[in-house]
Ligand SMILES: NC(=O)c1ccc[n+]([C@@H]2O[C@H](COP(=O)([O-])OP(=O)(O)OC[C@H]3O[C@@H](n4cnc5c(N)ncnc54)[C@H](O)[C@@H]3O)[C@@H](O)[C@H]2O)c1
């Protein structure tokens, strides 16, 4: 039997990986991709599957009730990736778009699902950043209190709460995932790994904040998407699931930077230390992933292999990232890091 899936934000980094996974590997799945094509949404991310008869695209906004009502009709699964996703934009600019899309938008997709596809399973794609700064040796499980530090993570926490309230209040079949930082192909080069990889490949400086002491639990995007598919199939309704690599030992940003430079074959002299803490940025993220691992999930690639694979992709696909690193991107980059970078 065919499974009909409404994916929102499927032209972004993670959503497009999920769409490609569904079309390439799940022959009984049909995908409707709703995406507003903001600066972060790129139709080229899904061009490999765009010709499939099982794939359809709709250009539009998740806040558009009538549109979402029409698209959600008949869906078996609804997967909400659509979001404003960059922490630095949420702290350096007005955060209204983050609240609008990440909270109100999530609400609209939930409400339209409740009204027009009440039997559908709804997966709210969330982030571990909702737990805030996690002091070593903490590994928050899904019951841990939320302490979001940036407008981005606060808005994502809001969406988690609204989604879980729809499960409780309306009996909607909701699952919330909370994943650690992702990396891989097609990631917009404002995020740390593609920023550093593409700067290194272009012999430009790598702006490393605060001595590179901050710790993220980097997970390959394909591993994240396989975890989401598993949750849609086997997750328990009304539950939250953490997803993370549990890097051991943990990898501070300075070690990650060294790994990237090695994979790019570039010298450490490219590192440009940036003093001071960034507002809204946490020192360490880590999560307890026992719950999703009990469903049979584990990441497939370790970090150094994943970074080598990712660098190889960016080396090959200059046609994808070089046009992005101009225009609006350049303006934002210079505001954040200065024009000397
Ligand atoms: N990147 C990470 O490391 C990470 C980790 C955990 C969770 N997440 C979550 O996963 C989701 C996807 O993240 P990403 O890194 O792929 O983000 P992204 O910024 O690459 O993509 C977001 C996509 O959403 C679309 N979009 C934005 N506003 C929209 C709106 N109002 N209506 C319809 N579409 C809209 C954009 O056009 C874009 O295609 C987000 O919800 C994010 O919070 C990301």
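Across the stretch 96-198, C-alpha contacts under 8 Å between residues 6 or more apart give a mean separation that, scaled by the residue count, equals a relative contact order of 35 percent.
When only Cα pairs below 8 angstrom with a gap of at least 6 residues are kept, the chain shows a relative contact order of 17 percent. Here is the size of the stretch 208-341 from its Cα atoms: Rg then Dmax, 17.6, 51 Å. For the chain, taking Cα atoms only, Rg and Dmax work out to 19.1, 57 Å respectively. In the frame of its principal axes, the stretch 170-233 has Cα extents of 52, 24, 19 Å, reported largest first.
Distance from the alpha carbon centroid of the stretch 56-83 to that of the stretch 89-160 works out to 18 angstrom.
Which whole-number value in Å³ per residue fits the convex hull of the alpha carbons of the stretch 1-59?
On the way: hull volume 3.6 nm³, N = 59.
Convex hull volume per residue, Cα atoms: 62 Å³.
Both radii were evaluated on the Cα set of the stretch 1-122; the Rg over Rh quotient, with Rh as the Kirkwood radius, amounts to 0.97.
Note on the stretch 74-181: along the principal axes its Cα atoms extend 43, 32, 21 Å, ordered by decreasing extent.
Once the convex hull of the alpha carbons of the stretch 229-304 is built, what does its volume come to per residue, in cubic angstrom?
Details: hull volume 10.4 nm³, N = 76.
Expressed per residue, the convex hull around the Cα atoms of the stretch 229-304 is 136 Å³.
The fraction of Cα-Cα pairs per 10 angstrom bin, counted from 0 for the stretch 143-285, comes to 10, 33, 33, 17, 7, 1 percent, rounded to whole percents. First measure r as the distance between the Cβ atoms of residue 104 and residue 73, then evaluate 1/(1 + (r/R0)^6) with R0 = 22 Å and state the FRET efficiency to the nearest 0.05. The value I calculate is 0.55. Helix 303-316 and the long axis of the chain differ in direction by around 90°, with both axes built from C-alpha atoms. Size estimate for the stretch 88-133 follows the Kirkwood approach: the inverse of mean 1/r over distinct Cα pairs works out to 12.5 Å.
A short reminder: the numbers here are calculations on the coordinates, not readings from a lab. Worth saying up front: this structure is predicted, and the values here are computed from it rather than measured. Glycine also receives a Cβ, built like all others from the backbone with ideal geometry; neighbour counts cover every protein chain displayed.
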